[in-house]
Structure formats: structure tokens, C-alpha cells
1. I'd like the full set of residues that are under 26 Å from Glu159 (Cα atoms) and more than 20 Å from the chain's Cα centre (by Cα), limited to region 118-140.
2. May I ask you to say which residue of Ser430, Ser435, Ser366 is open to solvent by less than 20 Å² (accessible area, probe 1.4 Å), polar (S, T, N, Q), touching a residue at least 40 places away in the same chain (Cβ under 8 Å) and under 27 Å from Leu82 (Cα atoms)?
3. Mind checking which residues of region 369-393 are open to solvent by 30 Å² or more (accessible area, probe 1.4 Å) and in contact (Cβ under 8 Å) with a residue 60 or more places away in the chain?
4. Determine whether Ile181 is part of a helix (DSSP H, G or I), of a type in the set (A, V, I, L, M, F, W, C) and at pLDDT 95 or above.
5. For a quick check of your reading of the model, give me the residue pairs whose first member lies in region 139-162 and is among the β-branched types (Val, Ile, Thr), whose second is outside any helix (DSSP H, G or I), with beta-carbon atoms closer than 9 Å and at least 6 apart or on different chains.
6. Looking at region 205-221 only, could you name the residues that are under 25 Å from the mean Cα position of the chain (by Cα) and open to solvent by less than 40 Å² (accessible area, probe 1.4 Å)?
7. Determine the pairs where a residue that is acidic (Asp, Glu), located within region 326-342, has a partner that is surrounded by 22 or more Cβ atoms within 10 Å (Cβ to Cβ) and assigned to a helix (DSSP H, G or I) with Cβ atoms under 6 Å apart, the partner being 6 or more residues away or on another chain.
Amino acid sequence: MPKEYADEYEPLLIKGYKYSKQSKFPNKWLLLAMFGTCIGGTFQCGYNISVINAPTPYVQKFINRTWLERYQTGISNNVLTLLWSTIVSIFTLGGFAGVSIGGTLSVKLGRKGTLLTNNIFSMTAALLMGLSATAGLFELLIIGRLFSGINAGIALCVEPMYLGEIAPTALRGVMGMGTSIFLTVGILSGQVMGLKEVLGKDEDWPFLLATTCIPAFLQLMILPWFPESPRYLFIDKGDDEGCRKALNQLHDVATSDAALEDIQREKNNLVSFKAKKPWELFADRNLRWQVLTIILLNAAQQLNGVNAMYFYADYVFRQSGIPTDKIPYATVGTGACECITALTCGLLVERLGRKLLIAGGYILMSICCILFTLTLAFQEASPVFPYLTVACVFAFVLSFGLGPGGVTNILTTELFTQTARPAAFMIAGSVNWLSFFLIGLVFPFIVIGLEHYCFLVFFAVCSTVGIYIFLVVPETKNKSFVEIQNEFQSSKRKASSPNGSGTMFISTCL
């Protein structure tokens, strides 16, 4: 850039604005870094969530046969159900354990170092599950699923942190959506791999469960070529030169100086450079609203009814006349819908902002809950209602993918500065996994008690969270981490001032 223009544009660069046309879309290095990060992270998580569904009867048959060979007696239905439930649900306990250590590992090993080390759990899980049938030990499935859960918990904690820290401010939303996009692609891939035309046959289920090692190998081949998080290098490690090299590789050369200025301001704004512990975030009054927000958003991500909608999808598809052997393909269709909306959200997140997408998504889900309840109540009234119910299933999944499914992790990244971010992800991830476990434990009883009226409970959750976001959470698009922090502090000061009547909900809540 000519010197006579440099002085004119320097203030814009320092604020994070970018005049380069390339800044409108991530460069190839950022895209490759996102792929290498997500393929071994949330892609594996989504894959392991869905891949276990297809081989259910074959694994249960294997457990029954193993039990008979071992004890010379058939297994009771109750014990079989207990063992199968353990295989499925221990994934969530592993996820909780993973997220509990993920934040600490990200400080000790770095964001990139933690992601690479995390593949040990994935490959161990693939080995154990793949050999379970040959060894005649169904216990290996339980241990393997536990390791898969630990891998998923660490990935969901560290991956969005890494993506948010390597991205330029103007592209942080797009990069952050990689977490959601790859999660949904992983779910869809698990559904497709479980079809009988691929690996969904009796003799192939050990290979199906062992395929989780493939994305781990891909990450180990790709991610080492990319640098550690520039923010981690500069703030946590004090490596100024390493930070500059990382910025030059990941960003445009013309904008790397501005990014370095932004990181320097964040470092200057920190009271100390030591990473905080989760309990320190709870004790910090300055972070009260940020902590409350991520707790609500991550709990709502599991308690909003999307898992219930997938549970009801099988019943809805049967009611609409879809043959039983074709229902798996319809289920793949719901996974494809979520992928499409995640991609759409990635394109819109920097245009419409985080707040509109996530709040609008919850409001649309609230409407779908009401419509779904009504259409289920009148299933027998007219032949058209089963088809309306199918439409509600897809509309609900689309609404979830449009905002709540993708923006939640972005906000968890953006609402905290460097020293608080690992602890924030530990809190958010713990709430998310515990809510996942809770809904799996309680949901069957809710269905038995309320039947299709259970969606009125989810309506209350979705509408409450949507209103909270509209009234409390600020827009974070194109703002630095320091600016977002200051905006929360400004809202708090206004709320506590004598003339703070204009702050509406915040003033009354405080």
C-alpha cells in the first residue's frame, strides 16, 4: 500500500476493519485449517452419535450370543436392555469427562496440541470396538464408546476455541460455523454408513464402528501443517515471533498487523495472564451475565426438543405411509436438512449477525412445537394431518440448524477473553453434556406421561430462551473480544445506575 494511503487506513486496520477483498471470505489456509480441525473433532462427534443406531439389532444379537457362550444360558430382556443402554449412554458420560479436562489440556498443550493428542482416544476406541466381535467381549464396546465420548468432549471444548482464535474478527462467525457444519455432516455420514447398502449389515457392524478412526487419521495428516493459535502463542506463551508467523500464514499479510494490534490490546486489557479456573468465573461478578448466558444457551441446546423430534420422526414417518424399510432413508433426509441449514447459517452469520439467527431460530422452534402438538392431536381427523406433521419435523430441524445448532458455540467463544475462555468452555461443555444425559434419562418418562403434549414443555424452553437472547445478549458481529466484554460491562453499569430505567430487562434482573 502506498505510504500516503497507509496513514489514512491505519485506524481502520487497528479497529479490525479490512479493506482487502479477500477478507470477505476465508483464504485457502484458513479453510484448510478449519477442515483439518473439524474433521477430527466435531465430525467424529456427530458420526459417533448417529452411527450406533443402525447396528442396534446386530449388536444386541452379538451380546445375546456372547452371553450364551459364556454362561450357557440366554440373557434376559432386562439385562440386554441395560447393557445396550449402557453402550449408548456411556458416550455422554465420556463427553462430560472429556470436556472437564479439555480446558485444562488446552492451556497446558495448546489448542492445536490438544486436538492432535485427542486422536489417541479416537483410535483406541476404533480398535476396541472393531475387535469386540472377534474377541467375543461386548465389554470392549462399552470401553470403546467411553473413549469415543471423551474424544467428543475434548473436541467440542477445544475446537471452537481454536477456530475462534485463529479467525480474523470479520470472519469469526463463518469459521465458528465449521463446528456446527461438520457436526451435522458427521451425523449424516453416520446415517449413510449405517444403510444396508454400505455397512449396515449383520456381518459388517464391527467395521462400521471402527470407521471412526478414519477422520482421526485425516486430522493427524492435515492439522500439523498449521500453526498454534496466535492468541495462545502471544498471550499464554509470550511468543511474539511465533504469533506473527502464525498470523502471516493464516491471515492476509495486509491484515496480520491489525490482528496483532487486536491481540496486543486484549493482552493489555487482562488483569493477569494466568488462565482462570471454572469456579473463578462463577466468583467474578464482572462475568456474571456471560456465564449465565452460556449456561442457558448450552442447556437449551439439548433441552429444546430436537432430540425428541428425532425420536418422534420414526412414528411420524410410519403414520404418513412411508414403508418401514424406507424410514432409514427418510431419517437420512432429516440429517441432510440439518446440514443444509448449518451451511445456510454459515453464509448468513456475518450478514444477519448472531443474535438474530439464534433468537429467531428459537422463536421458529417454539412455533413448530405448537404446530407439531396440534397436528399430532388431530392425526385421525384428516389424511392431510400426517403430512403436515412430517412438514413440522423438517421445519423444526431446519429452525434448529439455522441458529441454535451453530451459533451457540460461536457465542461461547466470543463472550470471553483469552484467560477466561478455556474455563468458559469447560462450564458450557459440562452443562451441554449433562443436559444431553438428562434428556436421555428423563425423556422416555416425559413421553409416557404427556405423550405428544411433551412438546409444550419444549415450547416453554424455546420461547423463554428466545426472549432472553433478544433482551439480554448483545450482538457480537464484527466486534473484538475486548469490545464485547466492554459492552457487557457497560450494560451492567447502566443497569445499576440511578438513571438506568432504559435498560429494560437487565435492570430488573439485576
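1. Step one: of region 118-140, the residues under 26 Å from Glu159 (Cα atoms) are 118-129.
Listed by number, the residues that qualify are Ile120, Met123, Thr124, Ala125, Ala126, Leu127, Leu128, Met129.
2. Values: Ser430 fails: open to solvent by less than 20 Å² (accessible area, probe 1.4 Å); Ser366 fails: under 27 Å from Leu82 (Cα atoms).
Checking each option against the conditions leaves just Ser435.
3. Here is the first cut: in region 369-393, the residues open to solvent by 30 Å² or more (accessible area, probe 1.4 Å) are 370-371, 374, 377-378, 380-385, 387-388, 391.
Scanning region 369-393 gives Ile370, Ala377, Tyr387.
4. Numbers: part of a helix (DSSP H, G or I): yes; of a type in the set (A, V, I, L, M, F, W, C): yes; at pLDDT 95 or above: no.
No: the conditions fail for Ile181.
5. Ile150/Asn118; Ile154/Gly41; Ile154/Asn118; Val158/Gly41; Val158/Asn118
6. Filtering region 205-221 for residues under 25 Å from the mean Cα position of the chain (by Cα) gives 208-221.
If the condition is that a residue be under 25 Å from the mean Cα position of the chain (by Cα) and open to solvent by less than 40 Å² (accessible area, probe 1.4 Å), then Leu208, Leu209, Ala210, Thr211, Thr212, Cys213, Pro215, Ala216, Gln219 are the ones that fit.
7. Close Cβ pairs satisfying both conditions: Glu338/Thr184; Glu338/Val397; Glu338/Gly401.
Here's the yes/no breakdown for (1) more than 16 Å from the chain's Cα centre (by Cα); (2) open to solvent by less than 20 Å² (accessible area, probe 1.4 Å); (3) modelled with pLDDT under 80:
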{"position": "Asn298", "(1), (2), (3)": "no, yes, no"}
{"position": "Asn304", "(1), (2), (3)": "no, yes, no"}
{"position": "Tyr310", "(1), (2), (3)": "yes, no, yes"}
{"position": "Pro328", "(1), (2), (3)": "yes, no, no"}
{"position": "Gly353", "(1), (2), (3)": "yes, yes, no"}
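The values are calculated or read from the model by the stated rules, or taken from the named source; none is laboratory data. Since we're looking at a predicted model, the values are computed, not measured. In this analysis, Cβ positions are derived from the backbone assuming ideal geometry, glycine residues included, and neighbour counts consider all displayed protein chains. SASA here: full protein model, heavy atoms, side chains in, ligands and nucleic acids out. Shrake-Rupley method; radii C 1.70, N 1.55, O 1.52, S 1.80 Å.
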